[in-house]
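See below for the structure under consideration.
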Amino acid sequence: MALVNEHYLKLAAGYLFPEIARRVAEFTASHPEHAREVIRCGIGDVTEPLPPSAVRAMQQATAELADRATFKGYGPGTGYESVRAAIAEGDFRSRGIAVADDEIFLSDGSKGDCGNILEILGTGNRIAVSDPVYPAYVDANVMFGNTGAALAGGGYEGILYLPATEANGFLVDVPDASAAAPDIIYLCSPNNPTGTVMDRTRATRWVEYARAHRSIIFWDAAYEAYNRGDAPKSIFEIAGARECAVEFRSFSKSGGFTGVRCGYTVVPKELKAYTRAGDAVALHPLWTRRWNTRSNGVSYAVQRGAEALYTVDGRREVAALVDHYMENARILREGCAAAGLRTWGGEHAPYVWCRVPDGLDSWGFFDHLLRQARVVTTPGAGFGRCGEGYFRISAFNSRANVEEVVRRMRALLAR
Ligand code: PLP
């Protein structure tokens, strides 16, 4: 008898984005005359074409594969050396952060990595996440057996939810000393969904906390390219982080690779986890082994495309893409504020987080905006209990759409 992974059966109703898609499909089916007017600012998917340098590199790589003299078969499971070197140099060493080439592990994107990394850690680790949170962290831990059952009011038994609220500026701080310390802490900066960025003082407190409790920080920097201020772009800017942190990076939102699929994880050689007997075990060899056993790595052409983002032209093109979305974020942030909404984020992140006007909850306001303004946003409640009362607008769109969204929201909220 084949046994099922019963942890999957604990997963609460639909993942957030399918539910949004269902509501939009229902609306357009019942109002086909408005279907073409719908503007999607819900899911955080990029809209602009790929940087030309990446396109050329992928075309060139495909041509190499088409020629017997330059053909390539299986590559190294953890990524081609030149690509790992370009990343380690471009994202870290050139900024004074010590990361070795072989501490970079290429992948098909960081959503997978945030869950896959659990394979090299024991079951039963106590997980901490912010609330609201990017839902993939939680679901991956449910599937892996790190939680109990779904709770009636949202969330799962056994997870430590750290409230991110107006009171703390939507930035989570270390738990107080009386709480049992979590073993694994997911921190996302710039943050999805709130668009806030963790300052250096808080990040330092987290590193000190993790070291003191022999916990591990999973630092998700998928939106690092949008952080143009003084806040840390990498957790490895903080002294001591190499002993207590893993960092996830993605080319999805910097190079527009959401469809191409490429990201990477940094696992420092000093990082250790413990056996039940208390013996320290280095994670770098385990993660290397995991990749070489479970995958043959990322496609050659895609890796060449990612590498091209580090050339002089590639960097300029990435900066221009990020500029485009950041200007959208500014227009949305200022437009929402002018419409009378309280807003956060959108300054060093492609998301603007807004308080729902009085009298509606976050799904109620989602439906209202969809029906009355034909604008799709993401209801805060979909990201956790503390997200109730807020909604997220994504800046990933064309300029014309963003301006139209602001115009429609101002008109709707002025009524
Ligand atoms: N981490 C966060 C916080 C995200 O918002 C996303 C995507 O939206 C990802 C990771 C996943 O990125 P990728 O496309 O690399 O899988």
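Taken together, the values in this text are just the output of simple stated rules run on the coordinates, not laboratory data. In this text, all values refer to a predicted model and were calculated from it rather than measured experimentally. Cβ coordinates were reconstructed from backbone atoms using ideal geometry, including for glycine residues, and neighbour counts include every protein chain displayed.
See the values below:
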{"read-out": "Length released on extending from ASP367 to ASP67, taking residue separation times 0.36 nm less the Cα-Cα span", "value": "102.6 nm"}
{"read-out": "Residues in the stretch 183-202 that a label on TYR274 would reach, taking backbone N under 13 Å of a point 7 Å out along Cα→Cβ", "value": "183-184"}
{"read-out": "Additional length obtainable on full extension of the chain from THR123 to THR293, 0.36 nm per residue less Cα span", "value": "59.2 nm"}
{"read-out": "Net charge of neighbours whose Cβ lies under 10 Å from the Cβ of LEU283, counting Lys and Arg as +1 and Asp and Glu as -1", "value": "+2"}
{"read-out": "Relative exposure of ARG415, ARG214, ARG408, judged by other C-beta atoms within 10 Å (fewest first)", "value": "ARG415, ARG214, ARG408"}
{"read-out": "For the stretch 54-311, average projected area of the Cα convex hull in nm²", "value": "14.6"}
{"read-out": "Farthest toward positive dipole pole in the stretch 267-359 [+1 Lys/Arg, -1 Asp/Glu at C-beta], among VAL281, GLY305, THR343", "value": "VAL281"}
{"read-out": "For a label point 7 Å along the Cα-to-beta-carbon line of THR165, residues of the stretch 340-372 with backbone N under 20 Å", "value": "342-345, 353-363"}
{"read-out": "Extension gain, ALA319 back to GLU334 (0.36 nm per residue minus Cα-Cα distance, nm)", "value": "3.2 nm"}
{"read-out": "Candidate aspartates and glutamates for bridging to LYS10, where Cα separation is under 17 Å - those fewer than 8 sequence places away on the same chain excluded", "value": "ASP139, GLU157"}
{"read-out": "Cα-based Lys pair tally, the stretch 54-311, threshold under 23 Å, eight or more apart or on separate chains", "value": "7"}
{"read-out": "Semi-axis lengths (Å, descending) of the ellipsoid that matches the C-alpha gyration tensor of the stretch 123-164", "value": "15, 11, 10"}
{"read-out": "Charge dipole (debye, nearest 20) of the chain; +1 at Cβ of Lys and Arg, -1 at Cβ of Asp and Glu", "value": "320"}
